[in-house]
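Notes to accompany the following structure.
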Amino acid sequence: MKVNRYSNRVASIVLFIATALCLRASAFQQVSNLADQWTIPGTIGDIEALFPGGTPNGYDTASFTTGAGTYSLNSITLEFEFSSSYPAGDSSPQALSVQLFQGSTLLGILANPVADSTPTQWPQSSHPRDYTTFYDFTPTVKMTLNPNSQYSLVISMPANSGVDAALMFTPSSTYTSLNGWALGPTTTPGNAFTAGEHLKLGVDANAVPDQANTAVLLSAGLGVIIWCHRKFARKPR
């Protein structure tokens with residue numbers, strides 16, 4: 001009985017490891033500059049607004065490049081500034097239009113913004129009058145990202161919107177990344193104030209396991225389980 005319990009335990013561990021390896025497509029923030037700290041005293045950061053229809057400020061285009069491997073886009077995160085001095089409803093993430101392009105091809109829209117619980121440099125708890133909050137935008141359709149490919153996020157405020165969006169930027173070009181991802185410069189047509197600046201942005205994506213490797217891992221795991229059962233079945237109880 002002890003041998004059987006031991007073999008079952010070994011088999012369970014092996015199966016767990018094989019499954020974890022095959023399902024290693026967990027969500028990760030592959031590239032981000034959201035942790036950049038603002039160091040100029042007396043202000044809470046570099047704030048640039050997007051107004052309805054792009055007047056007077058135009059749209060923002062932020063680019064990123066994937067690393068090796070195929071990915072499924074999970075969400076993108078932007079940082080918004082809010083102020084008690086604004087009229088109710090201003091700086092609305094819900095009204096923003098966020099589109100993802102590869103070259104000139106529109107891959108889809110990211111919408112349904114939800115406040116992210118990750119604290120910013122200026123959370124509302126410590127800055128109740130002027131504060132910033134991260135918002136996560138999710139794809140409305142499944143978006144698969146190719147290896148080592150450049151993508152563009154085009155962010156704008158529709159002309160029929162009654163509110164604007166106060167987005168956070170950074171003058172720093174530094175960012176953190178996994179698996180060779182990169183953030184490119186942000187361009188803002190019609191807004192000279194953002195020249196040379198970078199939109200605060202995080203891209204969350206799942207690595208898609210290679211089907212051939214998945215089959216090999218599952219086969220190896222099952223093979224080890226069968227070997228364990230046969231080996232211990234031969235031993236006297």
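So here's what we get for this one:
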{"read-out": "Counted residues, the stretch 169-197 - those being closer than 14 Å to Ser152 by Cα and polar (S, T, N, Q)", "value": "3"}
{"read-out": "Filter pass, Leu73 being surrounded by 15 or more Cβ atoms within 10 Å (Cβ to Cβ), among the hydrophobic types (A, V, I, L, M, F, W, C) and assigned by TED's automatic domain parsing to the domain that holds Tyr175", "value": "yes"}
{"read-out": "Scope the stretch 80-113; condition among the aliphatic types (A, V, I, L, M) and surrounded by 13 or more Cβ atoms within 10 Å (Cβ to Cβ); matching residues", "value": "Ala95, Leu96, Val98, Leu100, Leu107, Ile109, Leu110, Ala111"}
{"read-out": "Filtered residue count, the stretch 131-160, keeping only those that are farther than 30 Å from Ile40 by Cβ and assigned to a loop (DSSP other than H, G, I, E, B)", "value": "11"}
{"read-out": "Subset of the stretch 75-122 (residues that are hydrophobic (A, V, I, L, M, F, W, C), outside any loop (DSSP other than H, G, I, E, B) and touching a residue at least 60 places away in the same chain (Cβ under 8 Å))", "value": "Ile76, Leu78, Phe80, Phe82, Ala95"}
{"read-out": "Count of the stretch 168-190 residues which are modelled with pLDDT under 95, of a type in the set (A, V, I, L, M, F, W, C) and outside any loop (DSSP other than H, G, I, E, B)", "value": "0"}
{"read-out": "From Thr43, Thr19, residue being of a type in the set (Val, Ile, Thr), modelled with pLDDT under 90 and part of a loop (DSSP other than H, G, I, E, B)", "value": "Thr43"}
{"read-out": "Check on Leu167, among the aliphatic types (A, V, I, L, M), surrounded by 14 or more Cβ atoms within 10 Å (Cβ to Cβ) and in contact with a Lys or Arg (Cβ under 9 Å, 6 or more places away or on another chain)", "value": "yes"}
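The values are calculated or read from the model by the stated rules, or taken from the named source; none is laboratory data. All of these numbers come straight from a predicted model, not from anything done at the bench. Glycine also receives a Cβ, built like all others from the backbone with ideal geometry; neighbour counts cover every protein chain displayed.
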